[in-house]
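Please treat every number below as a calculation from the coordinates, not as lab data. Here the structure is a predicted model, which is why all the values come from computation and not from measurement. Heads up, the Cβs are rebuilt from the backbone with ideal geometry, glycines too, and the neighbour counts pull from every protein chain shown.
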Amino acid sequence: MSILKIDDLHKSFRDNKVIGGLDLVVEENTIYGFIGNNGSGKTTTMKMVLGLLKQDSGEIHVNGEKVVFGNTSTNRHIGFLPDVPEFYAYMNAGEYLELCAEITGIKKADRKARIDHLLELVGLQGVEKRIKAYSRGMKQRLGIAQALINRPKLLICDEPTSALDPKGRKEILNILHQVKGETTVVFSTHILSDVERICDKAGILYEGKLVQEIDLKDGNFGDKGIVVKLTPEERNRLAGDLILERMADNMYRITGCTLEEVYQLLNSHHVYPDQLVRERKTLEDVYLEVTS
Amino acid sequence: MNNEINELLPFLIPLAALQLILMITALVMAIRQQTFRYLNKPVWVLIIILFNLIGPILYFVLERR
Amino acid sequence: MSQVKALFKKEAIESIRNFKLFALIIVFMIIGVVSPLTALLMPDILEAVMEDSGIAFELPPVSAFDSYSQFFSNANQMGLVILVIIFGSILTHEFSRNTLINLITKGLKKYNIILVKAVFAALAWTVAFVISALITYLYTIYYWDDEVLNLFWAFGLTWLFGVFLITLIMAASAVFRSSFPGVLITVLTAVIIMMIAGIHPDIAEFLPQYLIGSNMALVHGELEIGDIIPAVIVTIISSVLMIVLSILIFNKTEM
């Protein structure tokens, strides 16, 4: 069953069209990467899913329930981590989570166990200082803890790693990977290596639409080209029949041909290179292809 | 005159105490505060000391949000 | 219900830890002490002024009326200004720091935010004002034994006006969101408009402003309680309207 379903979503701010006909389906218990440039509408989309912004048209369903702006009832299925999570600086982590637990309506008897579990998950157990003394990374981790407090079926994270140093990023990605069994994770990002590291599926948002969906489980995004090593003399022989893109000394990339065609051409010209490598596309190649 | 001062002591003592509590609280907090939203530490300390009542109130409202 | 309790606790922790509740109560305690003191010193001050200018006439003896008169002039001016300054940012600071997003995405009802904040501010105002009024009252009955009228009602008028200002802050905050100056200017504008409208005597007695202009007239017995009932009713209705308005606006606000 799909946990999140978006149909033909539109949103403009004044005359500026941000989302124009977005369709998106996220299956349960996956990690979905929502990729897009800054300003491509990732945050706007997420806020509409949360009922914080009102869409111009289109429908959003969370766990089969329709999202209505101003009515927060679908939010009981969702946990949200904003790009820059803000807390009450005068509280400590335990007090803040207690506030969140009470607001979502967790029974008093269950609160302490849930809070302790989450503090341990994000590595903030035993931290007594107030949130005003937290680093960016600590705030981000507390942000995940507060988002998970109501055992959401869907965890939405807006650029959770963008502002962090490599160590902080790794911690956040590890936590997201850990919670995969309990919840579906949708996170937006423009850091493609993060997507490759933990996502099962990714969608690329460009000009307000989902232009491409990528299955990351097998890591095969198709062929980019075939790289061969050629002597200058061999290159001259082939130049008339093949498009050769020079990559480095004596290394050339052939594009626009299947492997079979390349073998036949090489054979017919009696060229037998020392090296021939089938080059796979990276996620970055796919991304640049569809967004230009 | 001495007599009059004595007569006013039931007012002056609590008044001075209240103003002092307000000022000292604001002063201690301003001195312990690391980063300021407006102005800086010496200016706030001066404001708190020079303008009784208004100084500490301004400090609480503008800097302790 | 658990949302209301949780939010209320949060507001209490907030106003205690950032010392706003403390500051409000101390200021009102000072008003409570200063008012009878000023009344007591007034003859000396006037005498000094008159000696300088060479005018001389008999001063009436200082009475309980002078003490309460000082109290109302302090509470209605400086006191209310400080109330607005301290609680004017109670909602705007949540917008400017985006702290509500986490809570609203957990299903926190927006009307609970408005209601709890308004009730909490009104409660803090009540505590500060009662302490202040009590201090002035105790000094006054200790130093003077004049017969005063309708004292409870006179205090109640200023209190009600303070509650009205708090509801005005909520409505202005729902409109201006993150702008604290916007809220201050709105409250100031509303007060000035009421003052201008109050020039017309037929309108004056129906305005909330009438409440803080009638304290001493009640104490002197120049006004009966019945005379101020229209203004009281208008103020209560306006306050409820302000709260309803802030909830309606806030519900429509995109975050």
### Summary
Too long for a 29 Å Cα-Cα cut-off, among A:Lys139/A:Lys201; A:Lys112/A:Lys180; A:Lys17/A:Lys224, are A:Lys17/A:Lys224
### Query
Counting partner chain Cβ atoms within 10 Å of every residue's Cβ in A:94-104, what's the average?
5
## Note on the structure
Dividing the helical contributions, -39500 (n - 2.57) per DSSP H run of n ≥ 4, by the residues of the protein assembly as shown yields a 222 nm value, nearest 500 deg cm²/dmol, of -18000 deg cm²/dmol
#### Entry: Number of partner chain Cβ atoms within 10 Å, mean per residue of A:46-58
2
#### Entry: Cα-based Rg of chain C normalised by 2.2 N^0.38 Å, two decimals
1.14
### Task
Please arrange B:Arg32, A:Arg169, A:Arg235 by counting, for each residue, the other beta carbons lying within 10 Å of its beta carbon, fewest first.
B:Arg32, A:Arg235, A:Arg169
#### Entry: Kirkwood-Stokes translational diffusion coefficient of the range C:89-239, alpha-carbon pairs, 25 °C, 0.890 mPa s, µm²/s
141 µm²/s
### Message
Compute the distance from the alpha-carbon center of the range C:3-28 to that of the range C:124-143, in whole Å.
### Response
21 Å
### Cβ-Cβ FRET estimate between C:Ile229 and C:Met255, R0 fixed at 56 Å, reported to 0.05
0.85
### Summary
Listing A:Asp7, A:Asp165, A:Asp249, A:Asp194 by rising number of other beta-carbon atoms within 10 angstrom, fewest first, gives A:Asp249, A:Asp165, A:Asp7, A:Asp194
### Query
Extent of the protein assembly as shown along each principal axis, from alpha carbon coordinates, in Å, largest to smallest?
128, 52, 48
### Query
What is the distance in Å between the Cα centres of the range A:74-98 and the range A:215-272?
53 Å
### Task
On a C-alpha basis, how far is the centre of the range A:153-186 from the centre of the range C:41-109 in Å? Whole number, if you could?
51 Å
### Query
Which of the lysines could a cross-linker bridge to A:Lys229, judged by Cα under 24 Å and excluding same-chain residues fewer than eight apart?
A:Lys281
### Query
What is the P(r) of the range A:216-292, as percent of Cα-Cα pairs per 10 Å bin from 0?
17, 49, 24, 10, 0
### Message
At a 10 Å Cβ-Cβ cut-off, how would you order C:Glu94, A:Glu182, fewest neighbours first?
### Response
A:Glu182, C:Glu94
### Query
Mind checking which of A:Asp56, A:Asp23, A:Asp83 has the largest fluctuation in a GNM of chain A, springs on alpha carbons under 10 Å?
A:Asp56
### Query
Hey, got the average number of other protein chain Cβ atoms within 10 angstrom for residues in C:95-104?
6
### Message
Stokes-Einstein diffusion coefficient for the range A:88-147 at 20 °C in a medium of 1.002 mPa s, Rh from the Kirkwood formula over Cα pairs: what value in µm²/s?
### Response
188 µm²/s
### Cα-Cα over 25 Å, subset of A:Lys132/A:Lys167; A:Lys66/C:Lys117; A:Lys54/C:Lys20; C:Lys20/C:Lys252; A:Lys66/C:Lys110; A:Lys132/C:Lys9
A:Lys66/C:Lys117; A:Lys54/C:Lys20; C:Lys20/C:Lys252
